[in-house]
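Here is the structure we will look at, set down as structure tokens.
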Amino acid sequence: MPDAAAPATASPGHNTASDHQRVEAVDMLRGAALLGILLVNARMIAGTPHPSRTGTADWAAAVVVAFFAEIKFYPLLAFLFGVSMVLAMGEQGTALRRTRESRYLRRLSALFLLGAAHLVFLFGGDILTTYALVGAAAHLLRNAAARTLLLVGAGTMLAFFTCFLALAVWFALSAQHVQEAPYPTPELIAAYQAGAAETLAAHLSLLPSYVFGSAFFSPHVFACVLLGMAAGKTGLLEREWQSARLRRTALVSAAVGVPGSVVYAMVSYTPSLVAWSMPGRAVAVITGPALTVTYACMALMLLRSGRSARLVGLLAKAGRNTLSHYLGQSIVLCFVFTGYGLGLYGRIGGPVLVAGCVGLFAVQLLLTDRYHGGKGPAEAFVRAIQGR
């Protein structure tokens, strides 16, 4: 989910002030998305039991995370991935553009290497490998007009939603009387609470299902990237949006996103409705990004108001080091919850996990200033691969 395109680079023909604001908007949104990604990934890495098997507090924590975060932030990061790709390329038909394209492809290779290591050793829900492959596919449309990118992106998203919803409804109807197995299973809990070798073996046994899931959702990621490329070509984040217009957009988007998120959260974590969790997820695929737009509008209003400058600055710095923060989150979580470290897998409830995630994110923001040269270790690795 992290930044796979080059850091947003000014395109010829744009003035410096406008470029700076555009870059800061992209970086701040990317930095803010890290908290949502952390909240979602933490439940998987920590092995938090389904709240139907625990208590009311765990149920409330799961519903809150599902409502506010699940299927909200990976579309945002994919969208910003597309925006950054356009900004990194520069204008068409120039020698500088060709050089940047070559560097961009090398960057994708570095991203894939990091993602593969992350996938195999730490977290099966890795998105970096998906971004690298989707980014290579989107690169084929780099010269397409914004209107074409918009139509292809919207069409891909609608087609994916239609197919997913049909499949999910069929599955829900056919599985009405099937007893769902508890997750995580006792065997999985025992493996992740044991040593490093047991943890790795258990993790590798789950990889095929994780890879299938990433492949299944890749059209949605691809659609969001194309929409981001269209936004980058039209300078959407560069414009001086009035606060009143941002508020109206936020309200309209919330009117679409909130009902869909309520449906998704309730069917995912209410025992009597859990058979319909897949249709709920399909609904969230199309309505979740609407709530994401609301978040983005609120963040842009904060940026342009001039208030909370310290927070905005920290989020922007974190956004310029998304790779290091994303991978760092997985390293910390795996140390705490698996046999690589403390082995607390399946032992921590939802409210404590949410509080811990907020604390970890706060620490990450404060540590961003300590990165050498303003770049994290993962960003330094990517820069070494791509060349200057």
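The values are calculated or read from the model by the stated rules, or taken from the named source; none is laboratory data. Since the model is a prediction, treat every value here as computed from it, not as a measurement. Heads up, the Cβs are rebuilt from the backbone with ideal geometry, glycines too, and the neighbour counts pull from every protein chain shown. The protein model used for the area step is the full one, side chains on, heavy atoms only, and it has no ligands, DNA or RNA in it. Shrake-Rupley method; radii C 1.70, N 1.55, O 1.52, S 1.80 Å.
Details
- Count of the stretch 147-169 residues which are open to solvent by less than 40 Å² (accessible area, probe 1.4 Å) and touching a Pro at 6+ places or on another chain (Cβ under 6 Å): 3
- Checking each residue in the stretch 237-285 for being among the β-branched types (V, I, T) and outside any helix (DSSP H, G or I) picks out only T270.
- Qualifying residue in the stretch 64-79 (condition: of a type outside the set (S, T, Y), part of a helix (DSSP H, G or I), modelled with pLDDT under 85 and surrounded by fewer than 22 Cβ atoms within 10 Å (Cβ to Cβ)): no
- Matching residues, the stretch 271-300, being without any contact (Cβ under 8 Å) to a residue 60 or more places away in the chain and surrounded by fewer than 17 Cβ atoms within 10 Å (Cβ to Cβ): S272, L273, M298
- The residue list V120, V86 contains one member that is among the β-branched types (V, I, T) and either at pLDDT 90 or above or open to solvent by 60 Å² or more (accessible area, probe 1.4 Å) (or both), which is V120.
- Index of the failed condition, F216 passing every other in (1) within 22 Å of the chain's Cα centre (by Cα); (2) open to solvent by 80 Å² or more (accessible area, probe 1.4 Å): (2)
- Some residue of the stretch 355-362 being touching a Lys or Arg at 6+ places or on another chain (Cβ under 9 Å) and surrounded by 15 or more Cβ atoms within 10 Å (Cβ to Cβ): no
- For the stretch 219-240, filtering for residues that are of a type in the set (D, E) and buried (at least 18 other Cβ atoms within 10 Å of the Cβ) leaves 1.
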